[in-house]
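Down below is the structure, laid out as structure tokens.
None of the figures in this text is laboratory data; all of them are computed from the coordinates on show. All values reported here derive from a predicted model rather than from experimental measurement. Note that each Cβ is placed from the backbone with ideal geometry, even for glycine, and that neighbours are counted across all protein chains shown.
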Amino acid sequence: MIEYRCFRNDDPPRLADVWRAADLGPSAMQPMTSALLEACVFSKPYFDREGLIVALDGQRMVGFAHAGFGANADRSGIDTRIGTTMLVVTVPHAAEADTAAGLLARSEDYLRRRGVATPGGGGSPASGGFYLGLYGGAGLPGILDSSVGMQDVFRRAGYTAADRVAVLRRPLAGFRPPVNRLQMAIRRATTLRVIDEPARRSWWEAATTTGIALRRYELRNAAEELLGSGTFWDMQPIAAAWGVSAAGLLHVNIEGARRRQGLASYLVAEALHDLAQEGVTLVETQVVETNAPAINLFEKLGFTVADRGTLFTKA
């Protein structure tokens, strides 16, 4: 008979064992260790032991589910009205389907008790501050298509797709920024600044990116006005497991009045060129598929779809 309970301090080694035994797909960090879980999960200031539910078959841990919350409006803390079950992870065994369903039901109950009216499934930048660098690649793309079994767990429980996320990759071998009249005009009128380990811009950004190396590219005009920025992170240790040197593009921001002037294309292209010069061989980013301008931008720069993810919701 399967027993369910919340996280205890002696669980990390067994949670790592469950992760290693589960079929999570190629965008999950392997081999998992207790130290990685500590850095990316348990050490977060908003970690709540009651939100991490484990399943036991006798003395053997056979699965876990983890629920988390998103940020409030000014990103100064969490908002318990915005919540998602980030992952449901189970090992192969006879009662695996029932165990996964039991874990998800208990995770959903936890979220509703904390104030979530519409529980989500899968992590995203807006909801869920765990597992960056451990699952999903450059960001948190919900539940990946390459994690077929986990997607099925949510669908069987009545969850439906709220958004689809494209996981886009661009090998940097031989990359050269586009050369055209617009790009040359932008180059003459702007300065691109590279900032390693930039100050985090909010409590939420600091909490979710602690322990990873950031690099920010800022595009400024002659008056030192900020026109836009792009933030990348060094995708270690998961990139090492893939056998490449990879950077993840977390976000690109162009100031509102400056949009649709070619600045995003110029900024990203120059950043890719700089990263290639420093030995990065692959860049990954993730874009909601309804964001057609962003998809078009990255396709023009040679990005292709490597995977897709689903952000689930349940009324």
Region 116-135 and region 42-112: distance between their alpha carbon centers, rounded to Å: 10
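Determine one quarter of the surface area of the Cα convex hull of region 186-251, which equals its mean projected area, and express it in nm² to one decimal.
Working: hull surface 21.3 nm².
Computed as one quarter of the Cα hull surface, the answer is 5.3 nm².
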Of Y46, Y131, Y110, the one that fluctuates the most in a GNM where the chain has Cα springs shorter than 10 Å: Y46
Intensity falloff of the chain expressed as log10 I(q)/I(0), Debye formula with alpha-carbon point scatterers, at q = 0.07, 0.12, 0.15 Å⁻¹: -0.29, -0.81, -1.19
Under Karplus coefficients 6.51, -1.76 and 1.60, residue-wise ³J(HN,Hα) of region 61-68 in Hz, glycine/proline x: 7, 10, x, 7, 10, 9, 9, x
Exposure proxy ranking, count of Cβ atoms within 10 Å, fewest first, for I78, I2: I2, I78
The chain: angle of helix 96-114 to the longest principal axis, Cα-based, in degrees nearest 10: 70
Share, in percent, of DSSP beta bridges within the chain that are antiparallel, nearest 5: 90
In degrees, nearest ten, helix 263-277 long axis to first principal axis of the chain (Cα): 80
Mean Cβ neighbour count within 10 Å, used as a protection proxy, ranking 138-146, 272-280, 6-14, 180-188 highest first: 138-146, 272-280, 6-14, 180-188
